[in-house]
Amino acid sequence: MSQVLVFIEHQVGVPLETSLQAIALASALGEVSSVSIGSCRVGGVARHIEVEHPMLSDYAPEAIAEALAQLIGSKSCSAVLASGTERGNEVMAHVASLLDLPLATNVTEVRPDDVSWELTRTRWGGSLLEEASLTATLKLATVAPHAFEASNATGAVDTETFAPDLSETLERTRVVERVTISEGITLTTAPVVVSGGRGVGSPEGFGILEELASLLGGAVGCSRVVTNNGWRPHSDQVGQTGTRVAPNLYVACGISGAIQHWVGMMASKNVLAINNDPEAPMVTKADYAVIGDLHPILEAVVEEVRRRKQAT
Ligand SMILES: Cc1cc2nc3c(=O)[nH]c(=O)nc-3n(C[C@H](O)[C@H](O)[C@H](O)COP(=O)(O)OP(=O)(O)OC[C@H]3O[C@@H](n4cnc5c(N)ncnc54)[C@H](O)[C@@H]3O)c2cc1C
């Protein structure tokens, strides 16, 4: 049976959802071993390997890649997967370079045959699907976020540690400072995102979006026009050059739905467009649409949500 190694990203020992999605794909391809930097609770895999080294106390892509390359050299695996996040792609690009192997990033489907993998992967920020063949003996790939249901398998897993031999030159790229930009619910984890575009009209116009997001336990997002105008910080921007989100509900208020915005929220389970243009791409692609001026519409929605909350 094929042995598949999955690099797990985690936050204080809890695997990221995208890493659990990578495990789901790996489970369909062979027997899965997972590997994390430091300690992490992973379920549903044959074994878990924790990489321990003083240089790996925080994100350091070159050093992590070297550690993974050494681990891969000590195991007989046929494939190594990671999630197609910025960090997953960065680490795996270094691994591919170290091992002189090709890397298929942002894979959405794998059809393995005896020697190669036929696969589909996203390109150009998700606006293009590419069919490709991966023929290297050791397959390296990252898994497009939200392309697979996350594995929620639990249960005790045999855990071992691996101590790589790392030289100090690998410390060239590492995290030196952290700045908190938001507390509590974040854009990437919020079940509801209330997002505004040029149609919101001003920074003050976002007040009603803040109110709706807070009533629904969600977060506020925006388009690039909004960040370019200085109405919201870049950390709120959704899209190709912003954050990718996949909430249960994405409320797009006064956003035209340009492809660069769409690729950042197209994984949303439901999209509600509020726009005064019935022909706007966001409206034609959305699951639900309300046509009209967003300001009175949002006032009415907030009032109704508040009334229903008080009634319960
Ligand atoms: C390389 C590159 C990367 C990019 N990356 C991103 C990115 O990450 N994220 C992103 O968002 N964009 C990105 N863009 C920009 C993108 O192409 C669009 O220009 C941008 O998304 C448009 O923002 P918008 O929808 O807010 O504005 P507009 O396109 O101007 O749309 C405004 C919408 O609001 C509606 N409207 C106006 N007034 C009202 C009202 N009172 N009530 C209701 N509706 C109203 C209009 O009908 C219209 O549909 C990128 C572009 C490039 C070239």
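The values are calculated or read from the model by the stated rules, or taken from the named source; none is laboratory data. What you see is a predicted model; the values in this text were computed from it and never measured. Backbone-built Cβ (ideal geometry, glycine too); neighbour counts: all protein chains shown. Side chains included, ligands, DNA and RNA excluded: accessible areas come from the protein's heavy atoms. Shrake-Rupley method; radii C 1.70, N 1.55, O 1.52, S 1.80 Å.
When Val271, Val251, Val226 are screened for being within 11 Å of the ligand (Cβ to nearest atom) and free of Cβ contacts under 8 Å to residues at least 60 places away in the same chain, only Val226 passes. Based on what the data block shows, is Ile259 at pLDDT below 95, on the phi < 0 side of the Ramachandran plot, open to solvent by 20 Å² or more (accessible area, probe 1.4 Å) and within 12 Å of the ligand (Cβ to nearest atom)? Yes; evaluated as a whole, the condition is true for this residue. When restricted to residues that are modelled with pLDDT under 95 and within 11 Å of Asn152 (Cα to Cα), segment 22-44 contains 3. Would you check if Val251 is at pLDDT below 95, touching a Leu at 6+ places or on another chain (Cβ under 6 Å), open to solvent by less than 50 Å² (accessible area, probe 1.4 Å) and of a type in the set (A, V, I, L, M, F, W, C)? For Val251, the condition - at pLDDT below 95, touching a Leu at 6+ places or on another chain (Cβ under 6 Å), open to solvent by less than 50 Å² (accessible area, probe 1.4 Å) and of a type in the set (A, V, I, L, M, F, W, C) - is not met.
In this structure, is Thr180 within 14 Å of the ligand (Cβ to nearest atom), out of contact with any Asp or Glu (no Cβ under 9 Å at 6 or more places or on another chain), open to solvent by 50 Å² or more (accessible area, probe 1.4 Å) and not in a strand (DSSP E or B)? Here the answer is no, as Thr180 does not meet what is asked. Against the criterion of being part of a helix (DSSP H, G or I), open to solvent by 10 Å² or more (accessible area, probe 1.4 Å) and either in contact with a His (Cβ under 7 Å, 6 or more places away or on another chain) or of a type in the set (Val, Ile, Thr) (or both), Val301 qualifies. For Val35, the criteria (1) out of contact with any Lys or Arg (no Cβ under 8 Å at 6 or more places or on another chain); (2) of a type outside the set (S, T, N, Q); (3) within 30 Å of Glu168 (Cβ to Cβ); (4) surrounded by fewer than 20 Cβ atoms within 10 Å (Cβ to Cβ) hold in every case but one, which is (4).
The listed residues are Glu160, Glu109, Glu66, and the only one of them that is at pLDDT 95 or above and within 21 Å of the chain's Cα centre (by Cα) turns out to be Glu109. Number of residues in segment 155-177 that are open to solvent by 100 Å² or more (accessible area, probe 1.4 Å), in contact with an Asp or Glu (Cβ under 7 Å, 6 or more places away or on another chain) and part of a helix (DSSP H, G or I) equals 1. Against the list (1) of a type outside the set (Asp, Glu); (2) open to solvent by less than 60 Å² (accessible area, probe 1.4 Å); (3) within 20 Å of the chain's Cα centre (by Cα), the condition Ile274 fails is (3). Just one of the numbered conditions (1) within 7 Å of the ligand (Cβ to nearest atom); (2) among the small types (Gly, Ala, Ser); (3) modelled with pLDDT of 95 or more; (4) touching a strand residue (DSSP E or B) at 6+ places or on another chain (Cβ under 9 Å) is not true of Ala289: (1). Taken over segment 183-222, residues that are without any contact (Cβ under 8 Å) to a residue 24 or more places away in the chain, open to solvent by 60 Å² or more (accessible area, probe 1.4 Å) and within 16 Å of the ligand (Cβ to nearest atom) amount to 1. Return yes when Leu294 is over 22 Å from the mean Cα position of the chain (by Cα), more than 14 Å from the ligand (Cβ to nearest atom), open to solvent by less than 20 Å² (accessible area, probe 1.4 Å) and touching a residue at least 60 places away in the same chain (Cβ under 8 Å) and no when it is not. No; evaluated as a whole, the condition is false for this residue.
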